[in-house]
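Enquirer: Here's a structure for you.
The values are calculated or read from the model by the stated rules, or taken from the named source; none is laboratory data. Quick caveat, the model's predicted, so the values are computed rather than measured. With ideal geometry, Cβ positions are generated from the backbone for all residues, glycine too; neighbour counts draw on all protein chains shown.
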Amino acid sequence: MLLGQAPTSGDSSAGYGKPESRATGAPHGGDWTCPSCRDLVFGSRGHCRKCGVNKPGASSSGGDWTCQACGDLVFASRSACRKCGAQRLATAAKPPPVHAGDWRCPKCNDHQFARNERCRSCGEARPSSSWLGAAVGLAPPCYWAHQAGDGPPWRIVPADAVEIEALRLAMRSGGTLGGRDQRAPGRHSGFQLHAAWRLQHPGLWGKYAMERENLRQVDLKSISGAVPPAQLRREYVEMAEKLPAELFSDINEVFLSHGTAPESILPILSGGMNERFSGGLFGNGTYLAEDIGKNDQYCRAHSPGNHSELRKLLYDDTGISHPGNVFYMFVCRTLLGYIIRTRDGKADIDHNGRSIWSSHQRELALIPSSNPPVLHHSLLAETGGVIARYREFMVFHGSRIYPEYLVAYMRT
């Protein structure tokens, strides 16, 4: 499956970062200017090829779709793009609302209402309450592709059209790019999504889901009052709304991103995030962001001749083309819970400058309103102190992060 293939840096005809041009050198009727990045885009495209913003005022008949490979608008009656031949991608439906007592079928993973004694899809009997996956909150997401019980312990699945469109929102940076922290040199003005994959790892999901239930059923009951809501960039809020996941806002379950190097991808896919390999100004936790501009500072390029095992998994086995020098970031479900904020990595800016640590750079301070005592669940480093451009989020327990999507992107 080809998702938004872009030419390599050696393809001089592509002109990425410059307005699209025609043989005459002048725009044709229907060409439009992107309201976000001011790029000139062909009239046939439904979204900007540079930053992914949808065509303003675009209207289409019900069911018409945008080709993820070339951006052409295609009639609903067509199953393949008339321009490049790419097949129409399936879309993921939003899961049904969850109510108390609802359960998951252990055989087909279908969502069942509390009143059902048998699965409405396959007829399997309702499992006993002792089965770990019986609770909807612990079961794998209903939009995961079916996995055989005797298959590999985890798999990656190319993201569908709905997920791709949502993840494009993460390609928009809200700050200046580059800087002294950038590991891979080069000048660029933006980012373009090339492909994305969903990680389906029942083992990692089980750890994450158990931690989520613990926060909701144990920690919340120890805290007087509601957990202060996390405030994220608009693009990340919209991305979460468009993705098929149902998030628990009462514990600040959100999507954040984590940039990484090619050699770290397979260990993360297999074993999840590990704070023991991380460190920095704000402690020994996993560092996440709400802006690709920050993530990109930690990334290094994957060229076609390197990391052959990674290339086989992501590209050769899925039919997606490798575009050349490509970078990666994870878009992760993250349990921020009760957040403590700092500007210098030492003092709590909401409680008279008290220390943010209970164990220096490993465990956060106690939540003042908790009884029995509960530790803060995450740390937010605000700008205006030791950091200038991008806020960062630190989580000190890997089980509170599920790396649900791996995104491949290019600098433009």
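Enquirer: Can you confirm whether the stretch 186-202 contains a residue that is at pLDDT below 95 and in contact with a helix residue (DSSP H, G or I) (Cβ under 8 Å, 6 or more places away or on another chain)?
Expert: Yes, there is a match, as at least one residue in the stretch 186-202 is at pLDDT below 95 and in contact with a helix residue (DSSP H, G or I) (Cβ under 8 Å, 6 or more places away or on another chain).
Enquirer: Would you confirm whether any residue within the stretch 152-160 is among the acidic types (Asp, Glu), assigned to a loop (DSSP other than H, G, I, E, B) and at pLDDT 90 or above?
Expert: yes
Enquirer: In contact with a strand residue (DSSP E or B) (Cβ under 7 Å, 6 or more places away or on another chain), modelled with pLDDT of 70 or more, among the aliphatic types (A, V, I, L, M) and in a loop (DSSP other than H, G, I, E, B), is that true of Ala139?
Expert: In short, yes.
Enquirer: From the list Leu375, Leu364, which residue is surrounded by 23 or more Cβ atoms within 10 Å (Cβ to Cβ) and more than 17 Å from the chain's Cα centre (by Cα)?
Expert: Leu364
Enquirer: Now for a separate question. Only one residue in Pro262, Pro202, Pro244 is of a type outside the set (S, T, N, Q) and within 24 Å of His322 (Cα to Cα), so which one is that?
Expert: Step by step, each of Pro262, Pro202, Pro244 is checked, and only Pro262 is of a type outside the set (S, T, N, Q) and within 24 Å of His322 (Cα to Cα).
Enquirer: Arg300 - would you say it is in contact (Cβ under 8 Å) with a residue 12 or more places away in the chain and touching a Pro at 6+ places or on another chain (Cβ under 7 Å)?
Expert: yes
Enquirer: Taking Asn352 as meeting all but one of (1) part of a loop (DSSP other than H, G, I, E, B); (2) crowded, with 18+ Cβ neighbours inside 10 Å, write down the number of the exception.
Expert: Asn352 satisfies every listed condition except (2).
Enquirer: Still on this structure, please answer the following. Could we say that Ile320 is touching a His at 6+ places or on another chain (Cβ under 6 Å) and not in a helix (DSSP H, G or I) here?
Expert: When the stated conditions are applied, Ile320 does not pass them.
Enquirer: Tell me, please, whether a residue that is in the same structural domain as Tyr298 (by the TED database), among the aliphatic types (A, V, I, L, M) and free of Cβ contacts under 8 Å to residues at least 12 places away in the same chain can be found in the stretch 364-371.
Expert: Looking for residues that are in the same structural domain as Tyr298 (by the TED database), among the aliphatic types (A, V, I, L, M) and free of Cβ contacts under 8 Å to residues at least 12 places away in the same chain, one finds at least one in the stretch 364-371, hence yes.
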